[in-house]
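This report refers to the structure that appears directly beneath it.
The values are calculated or read from the model by the stated rules, or taken from the named source; none is laboratory data. In this text the structure is predicted, and so the values were computed from the model without any measurement. Cβ placement follows ideal geometry from the backbone for every residue including glycine, while neighbour counts extend to all protein chains displayed. When the accessible area is computed, the model is the full protein with side chains, heavy atoms only, and any ligands, DNA or RNA have been set aside. Shrake-Rupley method; radii C 1.70, N 1.55, O 1.52, S 1.80 Å.
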Amino acid sequence: MQQFPCPFCGERDEREFHFLAEAGKERPNTTVSIDDETWARYLYKQRNEKGEVQEIWMHLTCREVFLLKRHSVTMAVSESVSLRQGC
Ligand SMILES: [Zn+2]
């Protein structure tokens, strides 16, 4: 079982975490009309890159939302950074 580092709690079992999104994904401007394909691409399509990736995860136990940098092939985690403001 893989361990993920929560910035608040430390190393925990991967089953305690929930993937939220790829980091850096730009939300379409919804103040103007956008087509269905643009919206679907934003919601459902992932880059699914091989190598170093940056993702947003939540630790379900403490509700911490954080940026996780990991390698998508080896699953090695290189960094885990809280996204809370003012901490
Ligand atoms: Zn936590």
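Summed over region 35-59, the residues that are open to solvent by less than 40 Å² (accessible area, probe 1.4 Å) and on the phi > 0 side of the Ramachandran plot give a count of 1.
Checking each residue in region 63-81 for being open to solvent by less than 40 Å² (accessible area, probe 1.4 Å) and out of contact with any Lys or Arg (no Cβ under 8 Å at 6 or more places or on another chain) picks out Phe66, Leu67, Leu68, Arg70. Please determine, by comparing only the residues of region 35-62 that are part of a strand (DSSP E or B) and over 10 Å from the mean Cα position of the chain (by Cα), which one is nearest to the ligand (Cβ to nearest atom). Out of the qualifying residues, it is His59. Summed over region 6-34, the residues that are closer than 12 Å to His59 by Cβ, among the aliphatic types (A, V, I, L, M) and open to solvent by less than 60 Å² (accessible area, probe 1.4 Å) give a count of 0. Just one of the listed residues (Val73, Val65, Val81, Val32) is out of contact with any Asp or Glu (no Cβ under 8 Å at 6 or more places or on another chain), under 19 Å from Pro5 (Cα atoms) and not in a strand (DSSP E or B), namely Val73. Within region 29-53, residues that are at pLDDT 90 or above reach partners that are not in a loop (DSSP other than H, G, I, E, B) with beta carbons closer than 6 Å, at six or more positions or on different chains, in the pairs Glu52/His71.
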